[in-house]
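**Q** Sharing a structure with you now.
Each reported figure results from applying straightforward, stated rules to the coordinates on display, with no laboratory input. Nothing here was measured: the structure is a model prediction, and the numbers come from that model. Using ideal geometry, Cβ is built from the backbone for each residue, glycine included, and neighbour counts are taken over all protein chains shown.
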Ligand SMILES: Nc1ncnc2c1ncn2[C@@H]1O[C@H](COP(=O)(O)OP(=O)(O)OP(=O)(O)O)[C@@H](O)[C@H]1O
Ligand SMILES: [Mg+2]
């Protein structure tokens, strides 16, 4: 028996982050079956945000697969536990699958190899790639990257919510704009000085079907034992 058998739920039409304040800034959550881009610089909170979304999905009865270039299975579970996102039971029940990936040695073939691995997981409700940057670090040709995103778009049309984490500077400006426009949701993260503090900012650049939240900026901190805590940002930012 799986967790979803024991806790039958009507699945929601949005993917929640499990954090109400964040969800409200995202127009209630990320639409299911969408292609989501989480973009930002190093240390801006991309992994924490994607982990929060995985946890929120699992709480709502969705199944998930995470492809991580940053962690082993064990270290990812520990990292999530350290911000109060315990997914061990879901992992043991098979509702969550975690795949460590090492793609840099594959060069130009890495995006295609990753897409094939994702296609094996297309029965999952949510697939997260953290991060796709590792797949293009040795790439010499943007064609493979664009094909990867087209493949992700097809997966989302087949009923998977695909969440791709990407470092902003990993792709040239011409191609990053094409990728952004292919995505149904685009979350942009950055760290910024706010008076004395260094805060993290999440800009909801785009969410399909939730025009009112487009452009919303939310400040947050990552607190040990708690996770993403939404904080007020300076009056200057409004
Ligand atoms: N358990 C934790 N306790 C305290 N701070 C944490 C914890 N986990 C993450 N952080 C902090 O949250 C911030 C965002 O980390 P995160 O790993 O999400 O960044 P990232 O954008 O994925 O960076 P990278 O591009 O290097 O992968 C960092 O400052 C990190 O130190
Ligand atoms: Mg990261």
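**Q** Where does the chain land at 222 nm, in deg cm²/dmol rounded to the nearest 500, when only DSSP H runs of n ≥ 4 count, each adding -39500 (n - 2.57), divided by all residues?
**A** Calculated mean residue ellipticity at 222 nm is -9500 deg cm²/dmol.
**Q** Return 90, 120 ranked ascending by Cβ neighbour count within 10 Å, so the fewest neighbours appear first.
**A** Ordered by Cβ neighbours within 10 Å, fewest first: 120, 90.
**Q** If you don't mind, another one. Taking the C-alpha atoms of the range 76-166, how large are the radius of gyration and the largest Cα-Cα span, Dmax, in Å?
**A** 14.1, 41
**Q** If you take the C-alpha gyration tensor of the range 72-115, multiply each eigenvalue by 5 and take the square root, what semi-axes do you get, largest first, in whole Å?
**A** Ellipsoid half-lengths, sorted descending, are 27, 12, 7 Å.
**Q** Ranking 163, 207, 179 by Cβ neighbours within 10 Å, fewest first, what do you get?
**A** 179, 207, 163
**Q** State the percent of C-alpha pairs, over all pairs in the range 13-237, separated by a distance greater than 22 angstrom.
**A** More than 22 Å apart: 48 percent of the Cα pairs in the range 13-237.
**Q** From the square roots a ≥ b ≥ c of the eigenvalues of the alpha-carbon gyration tensor of the range 21-151, which class results: rounded (a/c under 1.5), prolate (a/b over b/c), or oblate?
**A** Cα axes put the range 21-151 in the prolate bin.
**Q** Plugging the Kirkwood radius over Cα pairs into Stokes-Einstein for the range 41-111, at a temperature of 37 °C and a viscosity of 0.692 mPa s, what D comes out in µm²/s?
**A** Rounded to a whole number, D works out at 254 µm²/s.
**Q** Can you tell me the relative contact order of the chain? Whole percent, Cα pairs under 8 Å, sequence separation 6 or more.
**A** 27 percent
**Q** I'd like to compare 64-70, 108-114: which one has the highest average count of other Cβ atoms within 10 Å, and what's the full order after that?
**A** 64-70, 108-114
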